[in-house]
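S.K.: Structure provided below as structure tokens; questions to follow.
The values are calculated or read from the model by the stated rules, or taken from the named source; none is laboratory data. Remember, it's a predicted structure, so these values are computed and weren't measured experimentally. Cβ placement follows ideal geometry from the backbone for every residue including glycine, while neighbour counts extend to all protein chains displayed. For accessibility, only protein heavy atoms count, side chains too; no ligands or nucleic acids. Shrake-Rupley method; radii C 1.70, N 1.55, O 1.52, S 1.80 Å.
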Amino acid sequence: MSNRAGTPAQPSDLVDLTALLDAYYDVAPDLADPGQRVAFGTSGHRGSSLKGSFNEPHIAAITQAIVEYRTGAGITGPLFMGKDTHALSEPAQNTALEVLAGNGVNVLIDARTGFTPTPALSHAILTHNATRTDQADGIVITPSHNPPADGGFKYNPPSGGPADAETTAWIANRANELLENGLRGVQRVPLGEARLAESVGAYDFLQHYVGDLGSVLNMDAIKGSGLHIGADPMGGASVDYWGAIGEQYGLNLTVVNPSVDPQFGFMTLDWDEKIRMDCSSPDAMASLIAQAGRYDIATGNDADADRHGIITPDAGLMNPNHYLAAAVEYLYANRSGWRGDAMVGKTLVSSSMIDRVTASLDRRLMEVPVGFKWFVPGLLSGEVAFGGEESAGASFLRLDGSVWTTDKDGILLALLASEITATTSRTPSQHYRELTNRFGDPVYARVDAPATREQKAALSKLSPSDVTATTLAGEEITARLTEAPGNGAAIGGLKVTTENAWFAARPSGTEDVYKIYAESFKGAEHLSEVQAEAKAIVDSVIS
């Protein structure tokens, strides 16, 4: 923990915007360096122009690859494109627009020339595709909560959510081919010509999204309660949305910080002294936490508004796992329009409190690998009514059981906290305390352990038989998992469970470490035992 964590950023912490933007256009990636090639993680391609990993050639190549992919897939509808407030998002959108116009793709960008939250783009795709045969898709330009020097570029197919691994692998491979060939094959027109092209149009993301919130939330109850809501966009794409929500639905809502600054100089530093718009971090959220007493519910969103942070007067900033469990308990008891057999979706590193709540509701649990893409089919079909992950990302169905978004929606989950409080007269944190009285009070943590590239590769390819241990922290092991029980997909690591605890180990994609997620219903001391034995188990099988 740094001495400066949670303190305001200083001038020395701010990125040099001139250098960052110059590097976007001037730096050519070194394709001999794997870190400078196109690579799609769980949320698209991310990098920084200063590191040669997010530069104009990358975006031109990825966009051309997306054009070719959608052509091969027979996608003929419009491509919705939105950006967040990171400094590299605007030039990346310009590059993408040049390539899309050069290929004659019908592309729709924000009618207000503003910023587009990820959930608003997912909502736009699904709204179009619900009544049209010419299916639409989209591009989201955001590195989510990452530091100001980063950029991100993500493709959402007609399903509206993050593309699956097969799709992103094809796009990444084709983009790297184009880079290797000096961008030969990339069709592109100058920006001025692109903006005037007949194939380029406008779409009012804000009005379509905000105007439809009454179909997924009890906005009348929130209004009638008079709750004072403090919404902090954290300098992100939701900045104009919160004011519009308050105005359209007559809410007692204050936009806590309407500032947009690509350096994010108003932020408090995260745990490692970096500026990071992580609305689940008490350090990044320190300024809002300090003001929380002014509001009945205070919320934060990251830069593309796909994540949520919930602050209540009685508990402060809620742990994301705690809020997910409270949300599941409330929603499945108060959404009569949902299917009686609709499952609860969670990632395998989310709290097992969700498992216990789900069982008490007599619902089935769908446990999937890390990544929101795994929830997309279930949300589309209605088989999964709620999907959430431990990193403060979730979405759920409309009141009538139809799909809302198939990407994470931080605005939706932030407003749900007010609905819960308005309709039950108890905050989400009070609901969670009631859950701990019924099911126990788990302790959850994530730690990192060192690992070489070879060891990380070995971890990602384990089979259950590689684990010979029979007990974990004094309890009999009940399951050894290398595939998610909810869909049989490889988890790229290992999960081991007992009656009252579990751990999961996954290799980091960017550092020489592996991550150990662990939880115990027997207290902090038992959790420490779980973590220590987890490291010993994993090290023994990857060494």
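S.K.: Could you order peptides 260-269, 276-285 by the average number of other Cβ atoms within 10 Å of their residues, highest first?
M.R.: 276-285, 260-269
S.K.: Where does the charge balance sit around L97 when Lys and Arg score +1, Asp and Glu -1, over other residues with C-beta under 15 Å from its C-beta?
M.R.: Surrounding charge for L97 is -3.
S.K.: Still on this structure: Sum up the charges of everything whose Cβ sits under 13 Å from the Cβ of D314, counting Lys and Arg as +1 and Asp and Glu as -1, but leave D314 out.
M.R.: Residues close to D314 contribute a combined charge of 0.
S.K.: Measure off, as a whole percent, the carbon and sulfur share of the 1.4 Å-probe accessible area of the chain, all protein chains present.
M.R.: That fraction is 48 percent.
S.K.: Out of the stretch 146-202, which trypsin sites (Lys or Arg not before Pro) are coil in DSSP terms and have no more than 16 other C-beta atoms within 10 Å?
M.R.: Loop-located and lightly packed - R184.
S.K.: Which distance in Å, rounded to a whole number, links the C-alpha centroids of the stretch 320-395 and the stretch 400-450?
M.R.: 10 Å
S.K.: Sticking with this structure for a sec: Using the Cα gyration tensor of the stretch 106-196, with a ≥ b ≥ c the square roots of its eigenvalues, what is the shape: rounded (a/c below 1.5), prolate (a/b larger than b/c) or oblate (neither)?
M.R.: Rounded shape, in that the Cα axes give a/c under 1.5.
S.K.: What accessible area per residue, rounded to a whole number of Å², is obtained for the stretch 331-452 using a probe radius of 1.4 Å?
M.R.: 32 Å²
S.K.: Please list H208, H145, H228 in order of solvent-accessible area, largest first, computed with a 1.4 Å probe with all protein chains present.
M.R.: Solvent-accessible surface, decreasing: H208, H228, H145.
S.K.: Below 12 Å, Cα to Cα, which aspartates and glutamates can K223 reach? Residues fewer than 8 away in the same chain don't count.
M.R.: Counting by Cα, and skipping residues close in sequence, K223 has these aspartates and glutamates nearby: E247, E419.
S.K.: Cross-link partners among aspartates and glutamates for K535, C-alpha distance below 18 Å, same-chain residues fewer than 8 apart left out?
M.R.: D448, E454, D466, E475, E476, E511, D512, E519, E525
S.K.: How much area per residue is accessible in the stretch 169-323 when the probe is 1.4 Å and only protein heavy atoms are counted (Å²)?
M.R.: Ligands and nucleic acids excluded, the result is 39 Å² per residue.
S.K.: Taking the stretch 205-346 on its own, what percent of its Cα-Cα pair distances exceed 26 Å?
M.R.: 27 percent
S.K.: For a 27 Å ceiling on Cα separation, which of these pairs sit above it: K373/K495; K373/K515; K274/K522?
M.R.: In this structure, K274/K522 exceed 27 Å between Cα atoms.
S.K.: Restrict the search to the stretch 151-230; then list the GluC sites (Glu not before Pro) that DSSP places in a loop and that have at most 12 other Cβ atoms within 10 Å of their Cβ.
M.R.: Loop-located and lightly packed - E198.
S.K.: Right, another one. Kindly identify the stretch 173-260 as rounded, prolate or oblate by the Cα gyration tensor criterion: order the square roots of the eigenvalues as a ≥ b ≥ c, call it rounded if a/c is under 1.5, otherwise compare a/b with b/c, prolate if a/b is larger, else oblate.
M.R.: It is prolate, given that a/c is not under 1.5 and a/b is the larger ratio.
S.K.: Taking the Cα-to-Cβ direction at S259 and at S528 and moving 7 Å from each Cα, how far apart do the two end points lie in nm?
M.R.: 4.0 nm
S.K.: Right, another one. Starting from the Cα-Cα distance between S465 and R294, subtract it from 0.36 nm times their residue separation and give me the gain in nm to one decimal.
M.R.: Here the segment from S465 to R294 would lengthen by 56.1 nm.
S.K.: Could you tally the net charge around L20, taking each other residue with its Cβ under 12 Å from the Cβ of L20, Lys/Arg +1 and Asp/Glu -1?
M.R.: -4
S.K.: Among A221, P320, G138, flag the residue with its Cα farthest along the positive direction of the charge dipole of the chain, charges on Cβ as +1 for Lys/Arg and -1 for Asp/Glu.
M.R.: Going by the charge dipole, the pick is A221.
S.K.: While we're looking at this one, here's another question. Which GluC sites (Glu not before Pro) in the stretch 434-543 pass both tests, a DSSP loop state and at most 16 other beta-carbon atoms within 10 Å?
M.R.: Loop-located and lightly packed - E499, E511.
S.K.: Then there is this: For semi-axes √(5λ) of the Cα gyration tensor in Å, one of (1) 34, 29, 23; (2) 68, 25, 21; (3) 55, 36, 22 was computed from the structure I shared and the rest are decoys. Which label?
M.R.: (1)
S.K.: Placing +1 at every Lys and Arg Cβ and -1 at every Asp and Glu Cβ, with all other atoms neutral, what dipole size does the chain have around its Cα centre, in debye to the nearest 20?
M.R.: 660 debye
S.K.: In whole angstrom, and with the biggest value first, how far do the Cα coordinates of the stretch 442-494 range along each principal axis?
M.R.: 31, 27, 23
S.K.: Projecting each Cα onto the charge dipole of the chain (Lys/Arg +1, Asp/Glu -1 at the beta carbon, about the Cα centre), which of Y155, F439, G104 comes out farthest on the positive side?
M.R.: Towards the positive end, the residue furthest out is F439.
S.K.: Could you give the Stokes-Einstein D for the stretch 384-520 in µm² per second, using the C-alpha Kirkwood radius, 4 °C, 1.567 mPa s?
M.R.: 73 µm²/s
S.K.: Just check the stretch 397-467 against the gyration tensor rule for me: Cα atoms, a ≥ b ≥ c as the square roots of the eigenvalues, rounded for a/c under 1.5, and otherwise prolate or oblate depending on whether a/b exceeds b/c.
M.R.: prolate
S.K.: Students often check this: by mean Cβ neighbours within 10 Å, which of 291-299, 85-93 ranks highest, and how do the rest follow?
M.R.: Ranking, from highest mean packing down: 85-93, 291-299.
S.K.: How long are the semi-axes of the ellipsoid equivalent to the stretch 283-394, from square roots of 5 times the Cα gyration tensor eigenvalues, in whole Å, largest first?
M.R.: Over the Cα atoms of the stretch 283-394, the ellipsoid semi-axes are 26, 15, 12 Å.
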